[in-house]
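Here is the structure we will look at, set down as structure tokens.
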Amino acid sequence: MGAESLTFAVSHHTVLRYSEMVAPSYNEVRMRPRDRSGQRTLTFALLTSPRAVPRSRVDFFGNTVHRFDIGHPHDILGMAVETVVESTPPRRRPSLRRWQRETLERDARLEFALASPRVPLDSTTAALRQEWAGDDRSFDALVELATRIPREFRYVTGATTVDSSIDELLRGGAGVCQDFTHLFLALARHAGWPARYVSGYLGPTGEQESTSGASHAWVEVCGADGSWAGLDPTHGGHVGPQHLRLAVGRDYDDVAPHRGVFYGPGLASPPEVTVRVTRMSERAAELVERGTALHWQQQQQQQAGGKQGAVPDRRTASAPGQLSGRLSARRRGDRARRGPRSPRRARAGARAGRGAVHAALSSALPPSRRPPTRPAGGSVRSGSEGDARRCPRGAPVSRSSWISTPIL
């Protein structure tokens, strides 16, 4: 970890309650942070209640998607994500070069410069861009647009819904980060820039040690050299190392942290979502990274000994295999002075981490519904909640999704 890097521990817990027993339910989540652009995930764990074994895949946009199915009747669905993320700020503030139309038309990133289901490019947003920026289509003009949106529109929780359109924001004059982000995408695409929606978290800044709230959303704009720069139209200006990326796409529909359908006559109440992002000390981050690297090495040794019947532990969090090789020179020096961490201590730390995730999820459920103290599965080795609607027995409800709101 470089001298300027920050490490954050993220807890994202979701509880969905149904008025009657439903079964089955099919769910997919995009809650594993992306390992790109100065960000890497040190640990990740996903637990569900009722228990399920998630299966992972990578979608069209490079996001990690976990799917899990609950086959038996249930009236509560809980999801708990615990992850540790390292974020390194760019060495210099980006200044992107505009695309030539002919070049962009032959590039795959053209998709992010076109209209999408939640970001229509109509005359209303075209006129607004012309009013605010005139004929200036430079990157500096985009930065100015990002700072102007929070001055022109009020951030008001509940002013819009997850299904609200850009027109509703323009008419009402208020919205949340999802609305501000969709509006900025329209303005940037009208100016000929490829721009994509980013979902994630906003960590503490300044003297803060932690923040609590919900998830966040912002925009990344692509320059002619293929590099992406993040802009936050909710807070106005460039993104920083406290912006932790989960997923990217054309608009919110491509990145919703949770989607699902269930069968049954029950109604789903609004999701209960709690997110906490805590900045970790350098010492704590180092211990996490060492333990993760050691655990991965143990997994590899177990797999290598498969002929003798060894089976990798499927209950623990994911860990990139190259972590131990990516330790900074300073950390390697510290390791040499202190000596190797004992396997017994590493295993104890892993058990404590899994126990904390399980306890946090269990505490959100009624006592009668809490799973046993020691889960028999449900976490995965790799990386929104919503407004579910009623459906007749035997017919699926429409997909559930949830609105992202920023941590202020």
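No value in this document is a laboratory result; all are computed from the given coordinates. The shown structure was predicted, so the numbers you read here are calculated from the model rather than taken from an experiment. Note: ideal-geometry Cβ built from the backbone for every residue, glycine included; neighbour counts use all protein chains shown.
A few points about this structure:
- Based on alpha carbons, the Rg and Dmax found for the stretch 101-251 are 14.9, 48 Å.
- The H on the amide N of ALA247, modeled in the peptide plane, is under 5 Å from the matching H of SER199, each at least 5 residues off or on a different chain.
- Distance (nanometres) between label positions extended 7 Å along Cα→Cβ at ARG36 and LEU287: 3.4 nm
- Residue-by-residue Karplus 3J(HN,Hα) for the stretch 206-213, coefficients 6.51, -1.76, 1.60, Hz, glycine and proline x: x, 7, 5, 9, 7, 9, 10, x
- Amide H contacts for VAL53 (H built 1.01 Å from N in the peptide plane; partners 5 or more residues away or on another chain; cut-off under 5 Å): ASP69.
- Packing, taken as the mean count of other beta carbons within 10 Å per residue, orders the peptides 45-54, 95-104 from highest to lowest as 45-54, 95-104.
- Residue-span extension gain [GLN300 to SER227] - 0.36 nm each, minus C-alpha spacing: 22.8 nm
- Check: the stretch 1-93 dipole with +1 on Lys, Arg Cβ and -1 on Asp, Glu Cβ, in debye: 500 debye
- For the pair GLU168 and ASP122 in one chain, pulling the backbone fully straight at 0.36 nm per residue adds 15.2 nm over the alpha carbon distance.
- A simple packing score, the average count of other Cβ atoms within 10 Å per residue, orders the peptides 228-236, 106-114, 257-265 as 228-236, 257-265, 106-114, with the highest score first.
- Packing rank of 196-206, 268-278, where each peptide gets the mean count of other beta carbons within 10 Å, highest leading: 196-206, 268-278
- Each residue of the stretch 152-157 was assigned a 3J(HN,Hα) from its phi angle through the Karplus curve 6.51 cos²θ - 1.76 cosθ + 1.60 (θ = phi - 60°); the sequence is 8, 10, 8, 8, 9, 4 Hz, with glycine and proline shown as x.
- Only Cα pairs under 8 Å and 6+ residues apart enter the sum, and on that basis the relative contact order of the stretch 101-251 stands at 28 percent.
- Taking 0.692 mPa s as the viscosity and 37 °C as the temperature, the Stokes-Einstein diffusion coefficient of the stretch 184-238 based on its alpha-carbon Kirkwood radius rounds to 261 µm²/s.
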